[in-house]
Amino acid sequence: MTEEEKLEIMRHSAAHVMAEAVQSIFPDTKFGIGPSIENGFYYDFDLPRSLTPDDLSLIGSKMNEIIAADMPFVRQEVTKEEARRLFAAQPYKLELLDEIPDEKVGVYRQGSFIDLCRGPHVDSTGEIKAFKLVSIAGAYWRGDEHQPMLQRIYGVAFVAKKALDEHLKKLEEAAKRDHRKLGAELDLYSIHEEAGPGLVHWHPKGAVIRRVIEDFWKDEHIKRGYDIIYTPHIAKLDLWKTSGHWEFYRDNMYSPMEIEGQEYVLKPMNCLGHILIYKTRLRSYRELPLRYAELGTVYRYERSGVLLGLSRVRGFTQDDAHIFCRFDQLEDEVVGVLDLARFMIDTFGFTTYRVLLSTRPEKYAGALKVWEEATDTLRRALEKLDVAYEIDPGEGVFYGPKIDIKFEDALGRGWQGPTIQIDFNLPQRFDVTYIGEDGREHSVAMVHRTVLGSMERFLASLIEHYGGAFPVWLAPLQVMIIPIADRHLDYAHQLEDELRNEGMRAKVDTRSERVNLKIRQAQLDKVPYMLIVGDKEVADSTISVRLRSGEQAASQSLDSFKRSVRAAIASRAKDLEL
């Protein structure tokens, strides 16, 4: 058994100890499930009242008593009828029990607590080492919003206190960088219950960051031979039936709406619009590959319980593209996408990433041989670029295998990024062909790909990676000009005009506040540069530059400052320099 497997068993055992502690405080508790997870564990409870943060301390203290008692974990095998008697007052356990096909089931006891569980567990509670209860969340039973809402307690657990302390420090830093918190503090975006959960409203500052990213994205795609296109947000339901989405993806699509006797749906994908554009005329082999790119907004039904800020939403803009090519071009096209994806990841400052090759799922469309050929093509492309990758079995989409790239932020947390999918299914369903050199029709090979993911989730990753302190090329406001007194306002506005004429995002703080307060506010807003102007600067036609870190530079000319900022923007520098 590996050390990681031992740690997982210890964490699962900690979940049982937490359940016993909760039961001792709330004897009428109804228990859901309590698995181990990455870095810790959780347990879902149906309790007589809502928990508060103070309850975590109380439950944690009770857990320490149970651990100190060093009580053994005892496994028993009982018949299902015996189990029903044991859990007669536990409706969630009875529901789980009814789904077990075996005549006998495993239960575990420790102290006064008994649970329906396959195990394994540590030998005794004393083997549970460094732990801490960290948060309370709501969780629908079995993830279904039509089921009761339970209270989920999360804990973390490690073998040594040092590892626990390091993890808690990382959690503390993650809380500071939470894009939901920073999104509000920096006035980037909002989500309104009255408009609908999971639907993002971009404020001016957030819209600036998004526009800069989108402009960069478009320019890079045009350089690499893509054509930018636009497609509608709705389409007839029959189109999605032909594609197979209605059969395989219906649970994630919104209900049809009737328009003039025809059923329409909000699009969950952009691919069908791209296919329709391709099919507007016969295509020759000489035209291929055709690369269509779109920042297309799509809509997918996500249960309210899983919505999370920008990272899990119902309406989002995908940095989407579809490549139509000959089969002999397919491997090179995948190599080109991988190269673009790595360039994008590096440009935005992500230095570490994992690459996963996702293979055929249980429910799939198309012939097995075609799946194997597509998977081999992705594998060859990865090996051609010497990209290290892992196999992610069964995680392909229903129409083809894919490459997923998950990049890590400054705290080492993974984010879903670029995806490359080969699709032989849709070209067959929609008869997507080209005229070959032999004068006959041939099926195209089709590649679905994103190099950032959704704009919403990518912005969430950027906010948390940089803690809201964006590189100057991405910062919504690049320069804050702070006049010391009203008599310096004219000079400040002159500087503002000159910087804006250079394409820089600059603003004068005209408030009647003390200079130190204005500087502090600009730092809180994470503005990269502050220009402090007073009598000396006006007289000498200079500026005093201060970084958001508090670092101060000597007075310099505006031209000198502009040259430095232009260079930082052009190079997309990650760090600020004076």
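Listed residues Glu20, Glu65, Glu5; which is in a helix (DSSP H, G or I) and modelled with pLDDT under 95?
On inspection, the qualifying residue turns out to be Glu5.
Go through (1) closer than 15 Å to Glu496 by Cα; (2) surrounded by fewer than 12 Cβ atoms within 10 Å (Cβ to Cβ) for Ser557 and report which single condition fails.
So the condition that Ser557 fails would be (2).
With Asp144, Asp98 as the choices, which residue is under 30 Å from Asp251 (Cβ atoms), in contact (Cβ under 8 Å) with a residue 12 or more places away in the chain, surrounded by fewer than 14 Cβ atoms within 10 Å (Cβ to Cβ) and not polar (S, T, N, Q)?
Just a single option satisfies the conditions, and that option is Asp144.
Sort through His493, His488 and tell me the only one that's in the same structural domain as Ser541 (by TED's automatic domain parsing) and out of contact with any helix residue (DSSP H, G or I) (no Cβ under 9 Å at 6 or more places or on another chain).
His493
Take the residues of the stretch 478-495 that are closer than 25 Å to Ala570 by Cβ and buried (at least 19 other Cβ atoms within 10 Å of the Cβ): which is farthest from the chain's Cα centre (by Cα)?
So the residue we want is Leu495.
Looking at the stretch 516-542 only, could you name the residues that are part of a helix (DSSP H, G or I) and either free of Cβ contacts under 8 Å to residues at least 40 places away in the same chain or under 19 Å from Ser560 (Cα atoms) (or both)?
Listed by number, the residues that qualify are Asn516, Leu517, Lys518, Ile519, Arg520, Gln521, Gln523, Lys536, Glu537, Val538, Ala539, Asp540.
Take the residues in the stretch 560-578 that are of a type in the set (D, E, K, R) and part of a helix (DSSP H, G or I); name whichever of them is farthest from Glu502 (Cα to Cα).
Arg563
Of all residues in the stretch 361-377, which are farther than 12 Å from Asp423 by Cα and surrounded by 14 or more Cβ atoms within 10 Å (Cβ to Cβ)?
Once the filter is applied, which keeps residues that are farther than 12 Å from Asp423 by Cα and surrounded by 14 or more Cβ atoms within 10 Å (Cβ to Cβ), the stretch 361-377 yields only Pro361.
What about Ile59, is it over 19 Å from Arg152 (Cα atoms) and either hydrophobic (A, V, I, L, M, F, W, C) or not in a strand (DSSP E or B) (or both)?
Spelling it out, it is not the case that Ile59 is over 19 Å from Arg152 (Cα atoms) and either hydrophobic (A, V, I, L, M, F, W, C) or not in a strand (DSSP E or B) (or both).
Out of Gly436, Gly417, report the one residue that is buried (at least 20 other Cβ atoms within 10 Å of the Cβ), touching a residue at least 24 places away in the same chain (Cβ under 8 Å) and either farther than 18 Å from Phe324 by Cα or among the small types (Gly, Ala, Ser) (or both).
Gly417
Looking at Leu426, Leu452 in this structure, which one is closer than 15 Å to His274 by Cβ and in contact (Cβ under 8 Å) with a residue 40 or more places away in the chain?
Within the list Leu426, Leu452, the selection yields Leu426.
Taking interchain pairs and intrachain pairs at least six residues apart, which have beta carbon atoms under 7 angstrom, with the first residue in the stretch 56-67 and closer than 11 Å to Met18 by Cβ and in contact (Cβ under 8 Å) with a residue 24 or more places away in the chain and the second among the small types (Gly, Ala, Ser) and in a helix (DSSP H, G or I)?
Between residues of the stretch 56-67 that are closer than 11 Å to Met18 by Cβ and in contact (Cβ under 8 Å) with a residue 24 or more places away in the chain and residues that are among the small types (Gly, Ala, Ser) and in a helix (DSSP H, G or I), the close pairs are Ile59/Ala21; Lys62/Ala21; Lys62/Ser24; Met63/Ala21; Ile66/Ala21; Ile67/Gly126.
Just name the residue that is farthest from the chain's Cα centre (by Cα) out of those in the stretch 521-545 that are surrounded by fewer than 20 Cβ atoms within 10 Å (Cβ to Cβ) and closer than 23 Å to Lys205 by Cβ.
Top of the filtered list is Gln521.
Is it true that Glu513 is without any contact (Cβ under 8 Å) to a residue 60 or more places away in the chain, of a type in the set (D, E, K, R) and under 24 Å from Ala410 (Cα atoms)?
No, not satisfied.
Taking the stretch 68-90 as the region of interest, how many residues are outside any loop (DSSP other than H, G, I, E, B) and either at positive phi or charged (D, E, K, R) (or both)?
Here the count works out to 7.
Only one residue in Val134, Val107 is touching a helix residue (DSSP H, G or I) at 6+ places or on another chain (Cβ under 7 Å), within 24 Å of Met1 (Cβ to Cβ) and among the β-branched types (Val, Ile, Thr), so which one is that?
Testing whether each residue is touching a helix residue (DSSP H, G or I) at 6+ places or on another chain (Cβ under 7 Å), within 24 Å of Met1 (Cβ to Cβ) and among the β-branched types (Val, Ile, Thr) leaves just Val107.
Would it be correct to say that Leu288 is modelled with pLDDT of 95 or more, surrounded by 15 or more Cβ atoms within 10 Å (Cβ to Cβ), aliphatic (A, V, I, L, M) and out of contact with any helix residue (DSSP H, G or I) (no Cβ under 6 Å at 6 or more places or on another chain)?
So Leu288 passes the test.
The values are calculated or read from the model by the stated rules, or taken from the named source; none is laboratory data. Source: prediction; values computed, not measured. Positions of Cβ are generated from backbone atoms using ideal geometry, with glycine treated the same way; all protein chains shown enter the neighbour counts.
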